[in-house]
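Visitor: Have a look at this one before I ask anything.
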Number of protein chains: 4
Amino acid sequence: MSRSRMEAFSDGVIAIIITIMVLELKVPHDASWRSLVPIAPVFLSYVLSFVFVGIYWSNHHHLLQVVERVNGGVLWANLHLLFWLSLTPFVTAWMGENKFAAVPVSLYGGVLLGAAIAYFILARSLLAIHAPDSLLATALGADFKGKISMMIYLVAIPLAFVRPWLACLLYVLVAVMWLVPDRRIEKTIAR
Amino acid sequence: MSRSRMEAFSDGVIAIIITIMVLELKVPHDASWRSLVPIAPVFLSYVLSFVFVGIYWSNHHHLLQVVERVNGGVLWANLHLLFWLSLTPFVTAWMGENKFAAVPVSLYGGVLLGAAIAYFILARSLLAIHAPDSLLATALGADFKGKISMMIYLVAIPLAFVRPWLACLLYVLVAVMWLVPDRRIEKTIAR
Amino acid sequence: MSRSRMEAFSDGVIAIIITIMVLELKVPHDASWRSLVPIAPVFLSYVLSFVFVGIYWSNHHHLLQVVERVNGGVLWANLHLLFWLSLTPFVTAWMGENKFAAVPVSLYGGVLLGAAIAYFILARSLLAIHAPDSLLATALGADFKGKISMMIYLVAIPLAFVRPWLACLLYVLVAVMWLVPDRRIEKTIAR
Amino acid sequence: MSRSRMEAFSDGVIAIIITIMVLELKVPHDASWRSLVPIAPVFLSYVLSFVFVGIYWSNHHHLLQVVERVNGGVLWANLHLLFWLSLTPFVTAWMGENKFAAVPVSLYGGVLLGAAIAYFILARSLLAIHAPDSLLATALGADFKGKISMMIYLVAIPLAFVRPWLACLLYVLVAVMWLVPDRRIEKTIAR
């Protein structure tokens, strides 16, 4: 079973998720700079989520480069990941419209954690149908970044109730950590 | 005539359907956990529909793997299936916003039945242009699950007026039945 | 220059157009059958437009099958067609919400005419870069259906002000004419 | 690393951006021609943005034709471009609903400038991983049009506060300049 349609479908869903989030930037009725102030937190929230969804797309792209086959279980592990990503527009808008209040910031972390776990499951379900010395297994390695991310989310989710801005800072930290290019897969392919 | 553009177009439409449903999760103005309670049924309804649309995508993917050719009639049978799936966001939102009331639950079953019949027609129109000993014919076989699903919908649609939650349970049952991986096509390809 | 990305982009845009139209089916707040009555004309309008956009996708698919090359001019002729199609959700909703009143029905015909002209221009711009004995030229032939459609729209647009339902009937007539499969291109390929 | 998924994802995002802009054309409740008058500026704004996004898609298409490889940095340069393009629906609607008032017209130019800079960065990041005598390097050349566009935006952004219509005229000028087909890449490939 080829991976190409799974890629195409994921590209479609992720493209829509990353784009419809911008619909939550409600157009102000006024034409002044000041009228943009109330939507500034929604915009910031949008930028953060754009980066996160972009990271998932980029990682998904890298991951599937070294995949040799998929099966029904992998398709569903992938749909499970897309499900969590599809909740991003909702939590992004909720967090932005409430100016990064405690509960939405915490739930935002919950959705990020859900997506991280789903990505982990997807990687495992792929490893299960590849040889231990396959490109995929070599490229994934110990998945250090993935595990660190999940631990940071687990800290940030309760922290949001005490210091929401600190939880947000942790989310930004995770994003920055991933933006530093992950050369593992590129290197493995090159070799 | 190649099947690749029919796959690409279907992937696009299904990706949009599965993603725009989340727009019906209206962002609450309040930032409390309690403000999420009213949208809980909309969320449950979304999860159910996400799974159903995911099942259709997965089955569509499997089906087209063994298709050797398509023609104009197949394109329209496919558009007919996409039409029914495109009604999913509407009935999902209606059912969720009315907390699984009788009429919306019944209509939801009607749309599921319409999609099931459309899928059946698509499979028949494909069989009509493939040899009886083709991979497609072998893989589809008696299509036991498809027929059972339609019968369950026919029971659930009137049942919704007496016990809406029982009709919902039947929908969940169908979803679970399909989630158990359908190895027919995978096995046939392997052989 | 390859045609594949032009196909992919067109598939994406047409998939979105055909799917976002359903967002105009506003979910009623009530859970009764009666609450569906006011949206019945919007639904009918949606079905008509789904069929029209489906016809364009199907014809576009057939047309590009026999295309050997594209250039910058073709890309813009294609974008021009997508522009007219992108106005479909607007006129569909306007016509449906006003129960097929004269002005919206007339404007609906105007958008259909615009799309038909754009399709004609696209076909001409493709013919201009293909040999007169190419598959494309043979398959397109005299384009009888395309010319008839434009003439019917030209009749329907003013007719809408006298008898809106008659104009609608003409639109349905055009749709039915196209649904009867156009075997020209399929036959030409087969030969 | 192949460029095909980057193309597919970009096609998806650009297709959605170009299509959801039409959702800002709010359907009037009335069925008269007069009811269309208030949305005329939104329509004009939509047409302008459709052309701009179309230009980006067409240029992106041409650019990637001559790309031999991509890497992680290119993926992010591309996502950065998509980010600026994703802001187009917002500024388009704001500008249209405020009848081309000073501040929205200026911000519209800001988003165009952002996209132009992002496109420039994308081209640079591609040049960095291609040989100086590659097709890409030859085809891009001095990128005269790109530099002129940025300079015009830099003039238009402050000018919008004095004469908004003049700034709009400059935007139209840039669009027309790009619509005149850019044969550089086509010619380079032909050679």
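The values are calculated or read from the model by the stated rules, or taken from the named source; none is laboratory data. Please read these numbers as outputs of a predicted model, since none were measured by experiment. Neighbour counts run over all protein chains shown; Cβ positions are idealised from the backbone, glycine included. SASA here: full protein model, heavy atoms, side chains in, ligands and nucleic acids out. Shrake-Rupley method; radii C 1.70, N 1.55, O 1.52, S 1.80 Å.
Visitor: Which of the helices in chain C, when you take each full DSSP H run, stretch at least 18 Å along the axis at their Cα atoms and have an average Kyte-Doolittle score of -1.0 or higher?
Guide: Span-like helices in chain C: C:4-20, C:40-65, C:72-86, C:102-127, C:144-159, C:164-179.
Visitor: Right, something else. What is the distance, in nm, between label points placed 7 Å from the Cα along the Cα-to-Cβ direction at A:Leu127 and at D:Ser35?
Guide: 6.0
Visitor: Enter the mean number of other protein chain beta carbons within 10 Å of the beta carbon of each residue in A:24-36, as an integer.
Guide: Details: counts 3, 7, 2, 12, 4, 3, 5, 13, 5, 4, 1, 4, 4.
For peptide A:24-36, the averaged partner shielding equals 5.
Visitor: Then there is this: Quick check for you: with a 1.4 Å probe and neighbouring chains kept, what is the accessible area per residue of the stretch C:1-67, in Å²?
Guide: Computed with neighbouring chains in place, this is 31 Å² per residue.
Visitor: For the stretch C:25-74 and the stretch A:119-184, what is the separation of their Cα centres, given in Å?
Guide: Going from one Cα centre to the other spans 41 Å.
Visitor: Past the 23 Å Cα-Cα mark, which pairs from A:Lys147/B:Lys26; A:Lys99/C:Lys26; D:Lys147/D:Lys187; C:Lys26/C:Lys99?
Guide: A:Lys147/B:Lys26; A:Lys99/C:Lys26
Visitor: Right, another one. Sequence-distant or interchain residues sharing an amide H contact under 5 Å with D:Val66, placed H: which?
Guide: Close amide H contacts, sequence-distant or interchain: none at all.
Visitor: Could you work out the helix-only [θ] at 222 nm for chain A, with each DSSP H run of four or more residues adding -39,500 (n - 2.57) and the total divided by the number of residues, to the nearest 500 deg cm²/dmol?
Guide: My calculation for chain A gives -24000 deg cm²/dmol from helical runs alone.
Visitor: Let me ask another. Would you mind listing the distances between the B:Ile129 label point and the same position in each other copy? Use 7 Å along Cα-to-C-beta, nm, one decimal, shortest first.
Guide: 2.8, 2.8, 3.9
Visitor: Given the options D:Asp30, D:Asp11, D:Asp143, which has the most mean-square fluctuation in a GNM of chain D, springs set between C-alpha atoms less than 10 angstrom apart?
Guide: D:Asp30
Visitor: Of the accessible area of the stretch A:91-191, with the probe set at 1.4 angstrom, what percent is carbon plus sulfur?
Guide: The nonpolar share, carbon plus sulfur, comes to 74 percent.
Visitor: Let me know the mean shielding of D:99-107 by other chains, meaning the per-residue number of their Cβ atoms within 10 Å of its Cβ.
Guide: Mean partner-chain Cβ count within 10 Å for D:99-107: 3.
Visitor: Once the label point is set 7 Å along the Cα-to-beta-carbon vector, what list of distances in nm do you get between A:Pro38 and its counterparts in the other copies?
Guide: 1.8, 1.9, 2.6
Visitor: Follow-up question, since we're still on this one. Using the Cα centre of the stretch D:1-54 as the reference point, and only Cβ charges (+1 on K/R, -1 on D/E), how large is the resulting charge dipole? Debye, rounded to the nearest 20.
Guide: The calculated dipole for the stretch D:1-54 is roughly 40 debye.
Visitor: Could you run the numbers on buried accessible area between B and A, total for both chains, 1.4 angstrom probe, in Å² to the nearest 100?
Guide: 3000
Visitor: Roughly how crowded by other chains is peptide A:62-71, in terms of the mean Cβ count from those chains within 10 Å of each of its Cβ atoms? Don't skip to the end; give the middle numbers.
Guide: Values: counts 3, 0, 1, 3, 0, 0, 0, 0, 1, 3.
Across the residues of A:62-71, the mean count of other-chain Cβ atoms within 10 Å is 1.
Visitor: What gaps in nm, shortest first, separate C:Gly146 from its twins in the other copies when you place the label 7 Å past Cα toward the beta carbon?
Guide: 3.6, 3.6, 5.1
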